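The structure appears below as structure tokens.
The values are calculated or read from the model by the stated rules, or taken from the named source; none is laboratory data. It should be emphasised that the depicted structure is a prediction, and the values quoted were computed from it without experimental measurement. No Cβ is skipped: glycine too gets one built from the backbone with ideal geometry, and neighbour counts run over all protein chains shown.
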There are 2 protein chains.
Amino acid sequence: MRNKVINPQEKVNQISEVWTPKIIEQLNDYHIKVAKFEGDFVWHKHDHTDELFMVIEGSMVIHFRDKSVSLKPGELYVVPRGVEHKPSADETCKVLLIEPAGTVNTGHVDSDLKASNKDWI
Amino acid sequence: MRNKVINPQEKVNQISEVWTPKIIEQLNDYHIKVAKFEGDFVWHKHDHTDELFMVIEGSMVIHFRDKSVSLKPGELYVVPRGVEHKPSADETCKVLLIEPAGTVNTGHVDSDLKASNKDWI
């Protein structure tokens, strides 16, 4: 915990890569993260946790095997545990994520897009 | 879990009272809530959980016994467990809160401002 005011938009603007979530704050054993999304991520799931996505700037789509949902700035979506999903964004989208500390971005999948789950910004 | 896109700002706009958090989504055993703040809340603490505040619209202050912090739209602050705090807002402030399901808004204090911790909107 930082005991200070955090501006997620300022934090995400400091990130240059895409698909590399950075931790900005901790809430009990949960991490608040920010990331830039661009292009297609990999299909994956998290067997033991739900995952919250909230758009800071831009727009994104979360694909599911049976549907897809679009998120605009300020909107949020909770992906249920165990459900395969593939985030994507036509143009750079700045996203806030909330999930238990230690959650791996690529879930059950081994992928080049697997990022550290320990980096703060 | 709702399996649909949630717009916190639209949800909070549906609330008429102040200091009455309403649940808009669930993330594992955490609730995502929205509320309108106006005036002074009561000094209180939550002995067993941190509490996240994020401003949707307006501005608010979180008073602590030894300092205070001001939050503008898009900014967030995590109040550590066990730390006495008093949220306040000169004018109506629309706020997103995240905390474990069942958390009571007034914490350890018995107050007329105690609200239901089970109402969804």
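Which numbered condition in (1) surrounded by 15 or more Cβ atoms within 10 Å (Cβ to Cβ); (2) modelled with pLDDT under 95; (3) of a type in the set (S, T, N, Q) is the only one that B:Ser116 fails?
All conditions are met except number (1).
Tally time: how many residues in region A:1-44 are among the small types (Gly, Ala, Ser), more than 26 Å from B:Asp50 (Cβ to Cβ) and buried (at least 22 other Cβ atoms within 10 Å of the Cβ)?
Total satisfying the criteria: 0.
Residues to consider are A:Lys94, A:Lys36, A:Lys4; find the one that is among the charged types (D, E, K, R) and at the interface with chain B (Cβ under 9 Å from one of its Cβ atoms).
Every option except A:Lys4 fails the conditions.
Within region A:48-59, restricting attention to residues that are under 15 Å from A:Val12 (Cβ atoms) and out of contact with any helix residue (DSSP H, G or I) (no Cβ under 6 Å at 6 or more places or on another chain), which residue is farthest from the other protein chains (Cβ to nearest Cβ)?
The extreme case among them is A:Gly58.
What is the number of the single condition among (1) more than 11 Å from chain B (Cβ to nearest Cβ); (2) under 12 Å from the mean Cα position of the chain (by Cα) that A:Ile62 does not meet?
Among (1) more than 11 Å from chain B (Cβ to nearest Cβ); (2) under 12 Å from the mean Cα position of the chain (by Cα), A:Ile62 violates only (1).
If a residue must be farther than 16 Å from A:Val12 by Cα and out of contact with any His (no Cβ under 7 Å at 6 or more places or on another chain), how many such residues does region A:85-104 contain? Step through it out loud before you land on a result.
Going residue by residue through region A:85-104, those that are farther than 16 Å from A:Val12 by Cα are A:85-88, A:90, A:99-104.
Remaining after also requiring out of contact with any His (no Cβ under 7 Å at 6 or more places or on another chain): A:87, A:90, A:100, A:102, A:104.
Of the residues in region A:85-104, 5 are farther than 16 Å from A:Val12 by Cα and out of contact with any His (no Cβ under 7 Å at 6 or more places or on another chain).
Does B:Phe41 meet the test of being more than 13 Å from every other protein chain (Cβ to nearest Cβ) and either more than 14 Å from the chain's Cα centre (by Cα) or modelled with pLDDT of 95 or more (or both)? Reasoning before the result, please.
Numbers: more than 13 Å from every other protein chain (Cβ to nearest Cβ): yes; either more than 14 Å from the chain's Cα centre (by Cα) or modelled with pLDDT of 95 or more (or both): yes.
It is true that B:Phe41 is more than 13 Å from every other protein chain (Cβ to nearest Cβ) and either more than 14 Å from the chain's Cα centre (by Cα) or modelled with pLDDT of 95 or more (or both).
Restricting the search to region B:38-85, which residues are among the basic types (Lys, Arg) and either farther than 14 Å from B:Val104 by Cα or touching a Ser or Thr at 6+ places or on another chain (Cβ under 6 Å) (or both)? Before you say what the answer is, go through the steps one by one.
Residues of region B:38-85 that are among the basic types (Lys, Arg), as a first pass: B:45, B:65, B:67, B:72, B:81.
Selection gives B:Arg65, B:Lys67, B:Lys72, B:Arg81.
Hey, among the residues in region B:84-102 that are within 21 Å of B:Gly39 (Cβ to Cβ) and β-branched (Val, Ile, Thr), which one's surrounded by the most Cβ atoms within 10 Å (Cβ to Cβ)?
The residue in question is B:Val95.
For B:Gly74, indicate whether it is out of contact with any His (no Cβ under 9 Å at 6 or more places or on another chain) and either more than 19 Å from B:Tyr30 (Cα to Cα) or more than 10 Å from chain A (Cβ to nearest Cβ) (or both).
Yes; evaluated as a whole, the condition is true for this residue.
Check every one of the strands (runs of 3 or more DSSP E) wholly within region B:1-120 and list those with 2 or more residues that are closer than 16 Å to A:Asn3 by Cα.
B:51-57, B:60-64, B:68-71, B:76-79, B:85-100
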